[in-house]
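Data first, discussion second: the structure below is written as C-alpha cells.
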Amino acid sequence: MVALKIAVAASLLLSASPVEADPYFGDVRQAVLRHSAGNGGVHFSTRTRERMYDILSTETSAGAFRFNRSGIARSDVTYIGDDGFGTSRVRIVTIGRRSYTRATSLSRKPLSAKWKDFGTYGGGFHYAADVISGVNPAFLDLIEPDASAGVPGGEMDGVPTTLYTGFVDVPGFATTLAGVRFSLDPDSVGGRVTWRLWAGPDDLPRRFTASIIWDLAGIKESNETVNLTTFYKRWDTRVEIKAPPGKFVVKAW
C-alpha cells in the first residue's frame, strides 16, 4: 500500500510539471528594452545591397551603439559605399540629435583633421525609432504579432541561438544613410519586409537579416529592393561614445 501511494504521488508530480513553451519572440523585445534601460551598448557590422531599376549599390557599415530608455542615444559608425562609380568612406558620430562627420581614406586615415558639425539637421544620420533594425524596439513591436515561434538557429560567437522568422507589410518606406525607415502613413508607398533574427541565450539579437521590397511608382518595373545583414557583438561591454574635441570641429555650412 505504501509503495502504491508513493507511485501515485510521483505520477501526480510528473503530470503537474510545467510544459516547456516554445521560445517566444516577445522575449527578444523585452531583452533589448532591459539593455537599453541600463544604458548598455553593442558593436555591430552591416552589409546592405540596394537595387533600384538596373543600378546596384553596396554599402558596409561598422561601429557601436549606446542606448538609453528611448533607444539608440549615441552612435559611432564608419560607412563604406560603392555605387559602381567609386568607393567612399565616411565616419559619423551622433550624440543625441547632433551629428559630426569626417571623410577617411580606404586605409582609414582621415582626409582632414576637421570634423563637420551638422548640428541637429543631419536627420538621415540618426538611428531613430522608425529604422528597420534588429535592435529597434519600435520595429520589434511591429513584427512581433506575426513572428514565428523560435527554433534552434545553430551556434554563433560560441553560443547557441534561437531563430525567429516572419514578414510584415508596411505602408511606407524611405532610404537614409542610417538605414531604411518605415512609416505607417497609408498615403505613402510601401511594401513588404521579410526578416530573420537570431537571438542568444540572453534573448539579445546576434544576427538580423531583412529583405525589403517596395513599389516606387505603382508598377512592377519600378520595384526597389534592399537586402541587409547585421551582426551584433559584445553586448556585455561598456560602450563610450564622445563628440570630437571642439578644436577639430567646423560647421558643415
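Around residue 180, which amide H atoms from residues at least 5 apart in sequence, or from another chain, sit under 5 Å from its own amide H, with H modelled in the peptide plane?
Correct list: 132.
Show me, bin by bin at 5 Å from 0, the whole-percent P(r) of the stretch 28-251 based on Cα pairs.
Per 5 Å bin, starting at 0, the Cα pair percentages come out as 1, 7, 13, 18, 19, 18, 13, 8, 4, 1, 0.
Give a quick list of chymotrypsin sites (Phe, Trp or Tyr not before Pro) in the stretch 108-157 that DSSP marks as loop, anything other than H, G, I, E or B, with at most 13 other Cβ atoms within 10 Å. Please report the intermediate quantities before stating the final value.
Details: sites: 115, 118, 121, 125, 127, 139; in loops: 121, 127.
Loop-located and lightly packed - 121.
Using a 1.4 angstrom probe on the protein heavy atoms only, could you order 163, 111 from most to least accessible area? Display every interim value, and only then the final one.
Details: 163 30, 111 125 Å².
Heavy-atom accessible area, descending, gives 111, 163.
Can you list which of the chymotrypsin sites (Phe, Trp or Tyr not before Pro) found in the stretch 32-87 are DSSP loop residues with at most 12 other C-beta atoms within 10 Å? Please report the intermediate quantities before stating the final value.
Numbers: sites: 44, 53, 65, 67, 79, 85; in loops: 53, 85.
Listed in order of number, the matching sites are 53, 85.
Hand me the trypsin sites (Lys or Arg not before Pro) from the stretch 179-253 located in a DSSP loop with no more than 14 other Cβ atoms within 10 Å, in residue order please. Let's see the in-between values first.
On the way: sites: 181, 192, 196, 206, 207, 220, 233, 234, 238, 242, 247, 251; in loops: 234, 238, 242.
Listed in order of number, the matching sites are 234, 238, 242.
Can you list residues whose amide H is under 5 Å from residue 40's amide H, if they're 5+ apart or on another chain and H is modeled 1.01 Å from N?
The answer is 67.
If each residue of separation counts as 0.36 nm, what is the full-extension length gain between residue 159 and residue 176 once their alpha-carbon separation is subtracted?
Details: separation 17, 0.36 × 17 = 6.12 nm, distance 3.30 nm.
Result: 2.8 nm gained on full extension.
Restricting to lysine pairs 8 or more places apart or on different chains, what number in the stretch 28-251 have Cα atoms under 17 Å apart? Let's see the in-between values first.
On the way: 114/242; 114/247; 114/251; 116/242; 116/247; 116/251.
Qualifying lysine pairs in the stretch 28-251: 6.
The values are calculated or read from the model by the stated rules, or taken from the named source; none is laboratory data. Keep in mind it's a predicted model, so treat the numbers as computed, not measured. Note that we place each Cβ from the backbone using ideal geometry, even for glycine, and neighbour counts take in every protein chain shown. When the accessible area is computed, the model is the full protein with side chains, heavy atoms only, and any ligands, DNA or RNA have been set aside. Shrake-Rupley method; radii C 1.70, N 1.55, O 1.52, S 1.80 Å.
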